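Structure first, then comments.
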Amino acid sequence: MAEQELLFTTDEAGIARIVLNRPQARNALTFAMYEGLVEICGRIAGDPAVKVVVLTGAGDKAFAAGTDIAQFRSFATAEDALGYERFMDRVLGSLERLRVPTIAAIAGACTGGGAAIASACDLRVATRDARFGFPIARTLGNCLSMANLKRLSNLVGPARVKDMIFTARLLGAEEALAIGLVGEVVEDAAALGARADALAALLAGHAPLTLQATKEGLRRLAEGEAPERGEDLILMCYMSRDFREGMEAFLAKRPPDWMGR
């Protein structure tokens, strides 16, 4: 069941954790798991106590090895293909549009749909043995949606997207770091868990409206919106209780008490 294959917890610090929990299948995602991810994002969006999300895969062999290929066996019509890509755009969009920062903690294989999920997160930390890519040119022969291509291109540029897909090779962690696909590389799964926890705690202690405005502003720019369309984000921060609290705390030389409003 998707409930067992997708684990979701939150703690008192406001850190939510999502675990792709099919280690026996290298955490390959079923349609039910994708749908469950959308549902979890909806729960997070409605919970003001959540301050940051960490998304990872169970075990140390894979973050996620893409969509479970068995899910494609029933495809027979144009609507099957178009509907799947629309569905994936909805899944990834639900991650991108979360108001809180998302951290992908990546160990092992991160390919296909798994790499798409990681790319939709705000920050990515990987183990030294992590491998990234979309080897579809030598496996299924399908393609990425325009939205997925744009997301990847915004991260690493169109030339590198072509290189990844045309060659169907998997990038090692150090190369992924060098091109900006990941932000940090750590030694192993134990170090990954510790670093993801530390990064989540750091972000959970920062001004939530600042993080939200930055994330939403960059998303709008990536979608081609004009820079002057961001007045609502400016007002959200400058007119907030948190902005006043930040000033008072700074002047009093004490830690601010952020409330996200």
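The values are calculated or read from the model by the stated rules, or taken from the named source; none is laboratory data. What you see is a predicted model; the values in this text were computed from it and never measured. Neighbour counts run over all protein chains shown; Cβ positions are idealised from the backbone, glycine included.
Values for this structure:
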| item | result |
| --- | --- |
| Leading residue by the ranking (nearest to Leu209 (Cα to Cα)) among those in region 23-69 that are free of Cβ contacts under 8 Å to residues at least 12 places away in the same chain and of a type outside the set (D, E, K, R) | Gly46 |
| Matching option when the condition is within 22 Å of the chain's Cα centre (by Cα), over 20 Å from Arg99 (Cα atoms), assigned to a helix (DSSP H, G or I) and assigned by TED's automatic domain parsing to the domain that holds Thr56, among Ala194, Ala200 | Ala194 |
| Some residue of region 103-121 being in the same structural domain as Leu170 (by TED's automatic domain parsing), in a loop (DSSP other than H, G, I, E, B) and among the β-branched types (Val, Ile, Thr) | no |
| Pairs with Cβ under 9 Å, 6+ apart, first in region 146-174 and over 24 Å from Lys61 (Cβ atoms) and in the same structural domain as Ala109 (by TED's automatic domain parsing), second basic (Lys, Arg) and part of a helix (DSSP H, G or I) | Ser153/Arg160 |
| Residue within region 48-59 that is polar (S, T, N, Q) and either exposed (fewer than 15 other Cβ atoms within 10 Å of the Cβ) or more than 20 Å from Leu192 (Cβ to Cβ) (or both) present | no |
| Inter-residue pairs, beta-carbon under 9 Å, first surrounded by fewer than 11 Cβ atoms within 10 Å (Cβ to Cβ) and in region 234-254, second assigned to a helix (DSSP H, G or I) and modelled with pLDDT of 95 or more, 6+ apart | Arg254/Glu248 |
| Hits in region 158-191 (condition: on the phi > 0 side of the Ramachandran plot and within 18 Å of the chain's Cα centre (by Cα)) | Gly180 |
| Residue list for region 126-170, restricted to those being buried (at least 18 other Cβ atoms within 10 Å of the Cβ), among the basic types (Lys, Arg) and modelled with pLDDT under 95 | Arg151 |
| Hits in region 205-261 (condition: farther than 20 Å from Asp122 by Cα and either in contact with a Gly (Cβ under 6 Å, 6 or more places away or on another chain) or polar (S, T, N, Q) (or both)) | Ser240, Pro256 |
| Residue check, Arg99 in a helix (DSSP H, G or I) and under 24 Å from Asp47 (Cβ atoms) | no |
| Long-range neighbours under 6 Å by Cβ, at least six apart or interchain, first residue among the basic types (Lys, Arg) within region 116-144, second in a helix (DSSP H, G or I) | Arg124/Ala118; Arg128/Ala173 |
| Some residue of region 221-228 being small (Gly, Ala, Ser) and either part of a helix (DSSP H, G or I) or in contact with a strand residue (DSSP E or B) (Cβ under 6 Å, 6 or more places away or on another chain) (or both) | yes |
| Of all residues making up region 77-88, the number that are in contact (Cβ under 8 Å) with a residue 40 or more places away in the chain and crowded, with 16+ Cβ neighbours inside 10 Å | 2 |
| For Ala226: the one exception among (1) closer than 24 Å to Glu96 by Cα; (2) at pLDDT 95 or above; (3) of a type outside the set (Asp, Glu) | (2) |
| Test: residue in region 171-181 that is buried (at least 17 other Cβ atoms within 10 Å of the Cβ) and among the charged types (D, E, K, R) | no |
| Some residue of region 210-228 being touching a Phe, Trp or Tyr at 6+ places or on another chain (Cβ under 8 Å) and either farther than 24 Å from Ala65 by Cβ or not assigned by TED's automatic domain parsing to the domain that holds Ala147 (or both) | no |
| Qualifying position, being more than 20 Å from Val125 (Cα to Cα), over 16 Å from the mean Cα position of the chain (by Cα) and in a helix (DSSP H, G or I), among Glu39, Glu35, Glu79, Glu12 | Glu79 |
